[in-house]
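In what follows, a structure is listed as structure tokens, so that the remarks can point back to it.
The values are calculated or read from the model by the stated rules, or taken from the named source; none is laboratory data. Since the structure is predicted, the reported quantities are computational estimates derived from the model, not experimental observations. Positions of Cβ are backbone-derived with ideal geometry, glycine not excepted, and every protein chain shown enters the neighbour counts. SASA here: full protein model, heavy atoms, side chains in, ligands and nucleic acids out. Shrake-Rupley method; radii C 1.70, N 1.55, O 1.52, S 1.80 Å.
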Amino acid sequence: MNPTDERTAVEEFDVVVVGGGPAGSTAATAVALRGHRVLLLEQQTFPRYQIGESLLPSTVHGVCRILGVEEEVARAGFKTKRGGTFRWGRNPEPWQFSFALSPRLADPTSFAYQVERSRFDKILLDNARRVGVDVREGCRVKGVLADEERVRGVNWTGPSGEIREARARYVVDASGNGSRIHGEVGGSRTYSDFFRNIAVFGYFAGGARLPEPNDGNIFCAAFDEGWLWYIPLRDDLTSVGAVVSRESAAAIQRDPVTAWRRLIDSCPEVRDLLPGVPQATEAPYDQVRVRKDWSYWKTRLWRPGMVLVGDAACFVDPVLSSGVHLATYGALLAARSVNSGLAGAPDESRLFDEFEARYRHEYGLFHEFLVSFYDMHQDERSYFWKARKVTHVDTSELEAFVELVGGLASGDASLGGPGQSVQSGQSGQAGARLAAASSELDEAVARLPDSAGLRNPLFEAATIRQVFQEGAVLQERGVFGGPLEDETPQRPGGLVASEDGLTWVDPGR
């Protein structure tokens, strides 16, 4: 451990959370709800800009309700989102993905919101304050305090440059993809070549809306060079972004505005929603921004005394709006392990292995689905789409993914496991599985016109059911105080969540 300078102020907490975004606020709140002393250090001052987000129902009705902030989010007036609309795949006509099992029999929680992250994130952070978290903004974490046994806190500088130390039993790194401390858990970041894209995005002061009741849907449209998102944040504000190949990076970075406009004009389905609509002029939506949309995962997510959540741990392609879901879900998993450890559970490794296994499994489900979803789009003329076929997934990337989640996430244990070597032919099995999932998705979309609104064929596809399964359990826990069916461990010897969702329980006791 670094020696403490006599001029350095030292404070003691149970937990220090680094970062005040959705992952950090979720972890901090879920630990504070169990009566623990939590310090949250955020480098910026809220509200602060983040790219707008299209939420999933599991975040709104699951995590937000568990944290006690669902009603405030509902009062904020965010645009209601009942699903997604896609121009993607073989069908030249747009198709709808509804969160409801049937559009005619909509479940009361089968919706989410399109949110301005500056407002949404501040709601979550203010809620953390209300439940007792010591939130300090304008504070930069410089490093961790550690010895050979565990991480024991952080050192940081305050708004005036004062040097401080905070010691704690646990440190939660929720400081995003630019984390300075994620390396302290060991391991490395594994980047996906398949999803190594670049995004250029900005905002319009309005824009046409899809017909009701889908007027709040995110619209994703594939075109020759990649795909575009169209998110109605408010009646007078629309987020529009293009995701294209990394080979386009140089041209985009030279002139982002021109590139953004050209890409929108290249996709008639999106271009025609913006006839004569000016670019937004209100700050901070008056800029066109560029972001590397590179998917990655950490090969280790925890060590004694420290755990990674949110973009500090992993990121996956945004087409399914999984960003805030994965961040808040991973943070809730971490909070369960932290709470159980602080309550005196004897086996810390078992607690955090449960966190890591479940987090990797959920990330793996989305990763597997998205590879299959990209493969589903057919455009043999396009370099972008030819390069994103399952047959072009690099063997080493498939092997790394197999090792990451112990087989493909939907569950063939024979494909390998953490710490096991990848045997010959397993990447081929993985590729075949992904291709089969893509074909199943394509067939489900083709059945949509014949469903007559009586059912949702997409939920009949195993890949779709699996990717939303854990989110559904979160919603049931938020709405009903627990899952509707008895929860069973995800793996032999595993743990299950407590009734309030804030700790782990051993089902064998």
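Observations on the model:
- Pairs meeting the criteria (first residue in region 489-509 and over 16 Å from GLU470 (Cβ atoms) and of a type in the set (Asp, Glu), second residue at pLDDT 90 or above and open to solvent by less than 60 Å² (accessible area, probe 1.4 Å), beta carbons under 8 Å, at least 6 apart or on different chains) are ASP500/ILE66; ASP506/LEU495.
- Members of region 181-204 that are closer than 16 Å to ARG246 by Cβ and not in a strand (DSSP E or B): SER192, ASP193, PHE194, PHE195, ARG196
- Breaking point among (1) surrounded by fewer than 22 Cβ atoms within 10 Å (Cβ to Cβ); (2) in contact (Cβ under 8 Å) with a residue 24 or more places away in the chain; (3) in a helix (DSSP H, G or I), for ILE51: (3)
- Total residues in region 133-155 satisfying the condition of being of a type in the set (Gly, Ala, Ser) and in contact with a Gly (Cβ under 8 Å, 6 or more places away or on another chain): the figure is 2.
- Selection within region 169-181 - closer than 11 Å to VAL144 by Cβ and crowded, with 24+ Cβ neighbours inside 10 Å: VAL171, ASP173
- When residues of region 146-165 are limited to those that are aliphatic (A, V, I, L, M) and surrounded by fewer than 24 Cβ atoms within 10 Å (Cβ to Cβ), the one nearest to LEU332 (Cα to Cα): ALA146
- Against the test of being within 25 Å of the chain's Cα centre (by Cα) and basic (Lys, Arg), the options ARG164, ARG129, ARG150 yield a single qualifying residue, ARG129.
- Hits in region 187-209 - residues which are open to solvent by 10 Å² or more (accessible area, probe 1.4 Å) and over 26 Å from the mean Cα position of the chain (by Cα): ALA205, GLY207, ALA208
- Here TYR113 fulfils each of the conditions (1) at pLDDT below 95; (2) surrounded by 18 or more Cβ atoms within 10 Å (Cβ to Cβ); (3) within 16 Å of the chain's Cα centre (by Cα) apart from (1).
- Within region 298-325, being open to solvent by less than 10 Å² (accessible area, probe 1.4 Å) and not in a loop (DSSP other than H, G, I, E, B) holds for LYS298, MET306, VAL307, LEU308, GLY310, ALA312, VAL319, VAL324, HIS325.
- Consider region 132-145 and keep the residues that are in contact with a helix residue (DSSP H, G or I) (Cβ under 7 Å, 6 or more places away or on another chain) and open to solvent by less than 50 Å² (accessible area, probe 1.4 Å). The one that is farthest from SER54 (Cα to Cα) is VAL144.
- Residues of region 375-398 that are open to solvent by less than 70 Å² (accessible area, probe 1.4 Å), farther than 21 Å from GLU440 by Cα and acidic (Asp, Glu): GLU397 alone.
- Within region 347-356, considering residues that are over 17 Å from ALA400 (Cβ atoms) and part of a helix (DSSP H, G or I), the one nearest to the chain's Cα centre (by Cα): PHE355
- Selection from region 453-483 of residues that are open to solvent by 10 Å² or more (accessible area, probe 1.4 Å), of a type in the set (A, V, I, L, M) and in a helix (DSSP H, G or I): ALA462, ALA472, VAL473, VAL479
- Among the residues of region 445-462, none is identified as modelled with pLDDT of 90 or more and touching an Asp or Glu at 6+ places or on another chain (Cβ under 6 Å).
- Filter result for GLU184 (farther than 29 Å from PRO92 by Cβ and either open to solvent by 60 Å² or more (accessible area, probe 1.4 Å) or among the aliphatic types (A, V, I, L, M) (or both)): yes
- Any hit, region 85-93, residues being over 30 Å from GLY478 (Cα atoms) and either touching a Phe, Trp or Tyr at 6+ places or on another chain (Cβ under 7 Å) or open to solvent by less than 10 Å² (accessible area, probe 1.4 Å) (or both): yes
- Filtered residues of region 327-350 (kept if open to solvent by 10 Å² or more (accessible area, probe 1.4 Å) and either within 17 Å of TYR296 (Cβ to Cβ) or of a type outside the set (S, T, N, Q) (or both)): ALA327, LEU342, ALA343, GLY344, ALA345, PRO346, ASP347, GLU348, ARG350
- Selected residue (only one of ARG360, ARG336 is closer than 19 Å to CYS64 by Cα and either over 17 Å from the mean Cα position of the chain (by Cα) or among the basic types (Lys, Arg) (or both)): ARG336
Per-residue answers, yes or no, for (1) modelled with pLDDT of 95 or more; (2) touching a Cys at 6+ places or on another chain (Cβ under 6 Å); (3) small (Gly, Ala, Ser):
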| position | (1), (2), (3) |
| --- | --- |
| SER340 | yes, no, yes |
| GLU348 | yes, no, no |
| LEU351 | yes, no, no |
| GLU356 | yes, no, no |
| LEU365 | no, no, no |
| LEU370 | no, no, no |
| MET376 | no, no, no |
| ARG381 | no, no, no |
| ALA387 | no, no, yes |
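Per-residue answers, yes or no, for (1) closer than 30 Å to PRO449 by Cβ; (2) open to solvent by 30 Å² or more (accessible area, probe 1.4 Å):
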{"position": "THR8", "(1), (2)": "no, no"}
{"position": "ASP14", "(1), (2)": "no, yes"}
{"position": "ARG37", "(1), (2)": "no, yes"}
{"position": "GLN43", "(1), (2)": "no, yes"}
{"position": "PRO47", "(1), (2)": "no, yes"}
{"position": "THR59", "(1), (2)": "no, no"}
{"position": "LEU67", "(1), (2)": "no, no"}
{"position": "GLU72", "(1), (2)": "no, yes"}
{"position": "SER98", "(1), (2)": "yes, no"}
